[in-house]
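For reference, the structure is listed below as structure tokens.
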């Protein structure tokens with residue numbers, strides 16, 4: 001395996017995980033399973049890359065399988081990081097909406113209240 005094949009694999013995983021695959025398919029109005037699966041896209045892309053650059057067939061196939069297996073784990077890690085990011089983002093951007101609802105200000109009037117406002 002060479003460095004370029006690993007970069008092809010990383011590019012395939014990011015292409016699918018970032019939603020670019022879905023956007024391209026939607027724009028072109030086609031649906032290809034190979035473009036929706038990081039494992040499949042990595043396998044075929046790495047195989048084509050290696051064969052186009054004169055790598056022996058056995059080495060190309062082995063590298064394609066190994067990198068597609070690694071792509072599965074890379075996609076899983078990216079999914080986990082995405083969940084972690086979303087939780088962190090929600091925590092950081094949380095507003096004080098609950099405190100505003102609990103303690104109405106002087107301009108807020110409770111509708112349907114039985115109490116008479118004090119003057």
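What follows draws every value from the coordinates through simple rules; no lab data is involved. For clarity, every value in this text was computed on a predicted model and none was experimentally measured. Cβ sites come from the backbone with ideal geometry, for glycine too, and all protein chains shown count toward neighbours.
Relative contact order for region 1-57 using alpha-carbon pairs under 8 Å, separation at least 6, rounded to a whole percent?
For region 1-57, the relative contact order is 41 percent.
Over region 1-52, what portion of Cα pair distances is larger than 13 Å, expressed as a whole percent? Please list the in-between numbers first.
Values: 739 of 1326 pairs.
In whole percent, the share of Cα-Cα pairs in region 1-52 beyond 13 Å is 56.
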- prompt: How far is it, in nm, from the label point at residue 66 to the one at residue 84 when both lie 7 Å from their Cα along the line to the Cβ?
  reply: 2.7 nm
task: Treat each spin label as a single point 7 Å out from the Cα along the C-beta direction, and report the residue 26 to residue 7 distance in nm.
output: 3.0 nm
- prompt: Which value, in nm² and rounded to one decimal, describes the direction-averaged projected area of the C-alpha convex hull of region 1-91?
  reply: 6.6 nm²
